[in-house]
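Notes to accompany the following structure.
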Amino acid sequence: MGVDRPQPAVSDALFEHIVGLRRRMHRFPERSWEEHRTAGLVRDALADLGIRTRAVAGTGLVADLPGPDGVPVVALRADMDALPVQEETGLPYASDRPGLMHACGHDGHTSALVGAAALLTRESALPAPVRLVFQPAEEIGEGAAALIAAGVLDGVAFVFAGHVDVGFPTGTIVVADGTVNASTDEFTIEIRGPGGHAARPHESIDPIVVASHVVSSLQTVVSRRVPPDRGAVITIGRFHAGTAVNILASSAVLEGTLRARDAETRALLRAAVREVATATAAAHGAAATVTLHDGTPPVVNHPAATTLARAAAVHVVGVEHVVRTPLANMGGEDFGFYGEHAPGAFVRFGARRFGTAPAPAHSGRFEFDEQALAVAAAFLHRVALGAGHALRTGTASDFTRAPEA
Ligand code: NI
């Protein structure tokens, strides 16, 4: 198989526990901000380990594992929400809820973090306090910001999380430097014309023609304005206009998404959409109203956190199974908000079973190799110890920056 699967330090009993928990969550997927039952399963599983939890920002859940006084906190984060997708896997533990599915593996992340908690409770003493963060509403990009506002990063020196990824074989961990997920902003452009008779276009301004020029002109932003070594995407996903063939529409509405790998490019895209839409519309005698909807920032792995994550990954799967090549994932991930407040690293857990060609995340056929959950639990356990050790011995202090105001 090219990659012989290492055996992570998770017992069969714990692995079965994690998988059982994951399948229970999988059967009952919950939408963003509705993760009541999922959070309840986590609360009960942690209570069985003697860990007390507190509810944060609605359906969020936080637990603090104590460490030595005066040592800052290492935070580990998992996301809990599912997607409005009809499951088509036919798995015995497939979703019981029509139109809802854990199609991104968040059930796996949550149960792996419970597994890490079990491993951490077996340590006689932790080198630093560990905060377990079970986050709601990742899929809609809202949960992280809400939890940060509620104080989950107070006193936190490092924050770590990961995502299952069927693009990589089970037993690998991807630890990339720098940006690992793009920013996500959305925009709406409305172009108005007076409307009129389709046979007499000179009496009106045709917003469909104007909007078509806007669509075309926006294609030049990435190809002509963004430096070629930067990643950027502008996609218009919706184009709505018109009611009948013999009517000139009175408005056309374009909606799209902007993806960038750094803050500078993100700002460039936002400004360019505004400028191109309004100027192109003006060139055709129309007016455009541009609304930008703030999304999530890029996920940028902090150098110190990345070093600690890589060391933990090497410990868990061996150096030959740690993937170092940078990931140009233009998908979003609201972990980027944590990175704005504390040094963080976001890794990916290979979850493709040998010999399979898995369906992509967010599809109704999405499925991942549950063996990846053992790797994920072992990694989260190890990175908490490694980062905690660095904090306790002061070796991380050079890298740790103060939270931004
Ligand atoms: Ni996800």
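Per residue of the stretch 67-75, in order, report the coupling 6.51 cos²θ - 1.76 cosθ + 1.60 (Karplus, θ = phi - 60°) as ³J(HN,Hα) in whole Hz, putting x for Gly and Pro.
Rounded to whole hertz, the list is x, x, 4, x, 9, x, 8, 9, 9.
Just to verify a number: FRET efficiency for THR325 and ALA267, C-beta to C-beta distance, R0 = 35 Å, to 0.05?
The calculated FRET efficiency here is 0.80.
Roll a 1.4 Å probe over the protein heavy atoms and report the accessible area of GLU16 in Å², nearest 10.
Rounded to the nearest 10, the figure is 130 Å².
Express in % the proportion of alpha carbon pairs of the stretch 277-367 at distances exceeding 17 Å.
Tail of P(r) above 17 Å: 68 percent of Cα pairs.
Stretch ASP48-ARG274 to full length: gain in nm at 0.36 nm per residue minus the Cα-Cα span?
Length gained between ASP48 and ARG274: 76.0 nm.
Looking at the calculated P(r) for the stretch 185-293, what percent of the C-alpha pair distances fall above 25 Å?
24 percent
Output ³J(HN,Hα) for the stretch 346-354: one whole-Hz value per residue in order, computed from phi by the Karplus curve 6.51 cos²θ - 1.76 cosθ + 1.60 with θ = phi - 60°, and x for Gly and Pro.
Calculated HN-Hα couplings, in order: 10, 10, 10, 9, x, 9, 9, 5, 4 Hz.
Give, in nm to one decimal, the length gained when the segment between ALA55 and HIS36 is fully stretched (0.36 nm per residue of separation minus the Cα-Cα distance).
Stretched fully, the ALA55-HIS36 segment lengthens by 5.8 nm.
Can you tell me the accessible area per residue over the chain, all protein chains present, probe 1.4 angstrom, in square angstrom?
42 Å²
Return the ratio Rg/(2.2 N^0.38 Å) for the stretch 236-318, where Rg is computed over Cα atoms only.
1.79
How long are the three semi-axes of the equivalent ellipsoid for the chain, computed from the Cα gyration tensor as the root of 5 times each eigenvalue, in whole Å, largest first?
43, 23, 19
Leaving ligands, DNA and RNA out of it, work out the accessible area of ARG37 with a 1.4 Å probe and give it in Å² to the nearest 10.
Result for ARG37: roughly 130 Å² accessible.
Could you sort SER250, SER363, SER124 by accessible area so the largest value comes first, with the probe set to 1.4 Å?
From most accessible down to least: SER124, SER250, SER363.
Extending each Cα 7 Å along its Cβ direction at ARG24 and THR395, get the distance between those two points in nm, one decimal.
Modelled inter-label distance: 3.9 nm.
Where the centroid of each part is defined by its Cα atoms, how far is the stretch 310-362 from the stretch 267-299 in Å?
Using only Cα atoms, the two centres lie 32 Å from each other.
Would you calculate, for the chain, the mean residue ellipticity at 222 nm contributed by helices, counting each DSSP H stretch of 4 or more residues as -39,500 (n - 2.57) and dividing by all residues, to the nearest 500?
That calculation yields -10000 deg cm²/dmol at 222 nm.
List the residues, sorted by chain then number, that are 5 or more residues from LEU83 or on another chain and whose placed amide H is less than 5 Å from its amide H.
Those lying under 5 Å, H to H, from LEU83 are MET101, HIS102, ALA103.
For ILE140, what accessible surface area do you get with a 1.4 Å probe? Give it in Å², rounded to 10.
ILE140 exposes around 90 Å² with every protein chain in place.
At what distance in angstrom do the alpha carbon centres of the stretch 17-34 and the stretch 60-86 lie from each other?
16 Å
Given a cut-off of 16 Å, what percent of all Cα-Cα pairs of the stretch 126-227 lie beyond it?
It works out to 78 percent of all Cα pairs.
Charges at C-beta only: +1 for Lys and Arg, -1 for Asp and Glu. How large is the resulting dipole of the chain about its Cα centre, in Debye rounded to 20?
360 debye
List every DSSP H helix in the chain whose Cα atoms extend 24 Å or more along the helix's own long axis and whose mean Kyte-Doolittle hydropathy is at least 0.0.
263-283, 371-392
The values are calculated or read from the model by the stated rules, or taken from the named source; none is laboratory data. Being a predicted model, the structure only gives us computed values, none of them experimental. Virtual Cβ from ideal backbone geometry, glycine too; neighbours counted across all protein chains shown. In case anyone asks, the SASA skips ligands and DNA or RNA and just uses the protein heavy atoms, side chains included. Shrake-Rupley method; radii C 1.70, N 1.55, O 1.52, S 1.80 Å.
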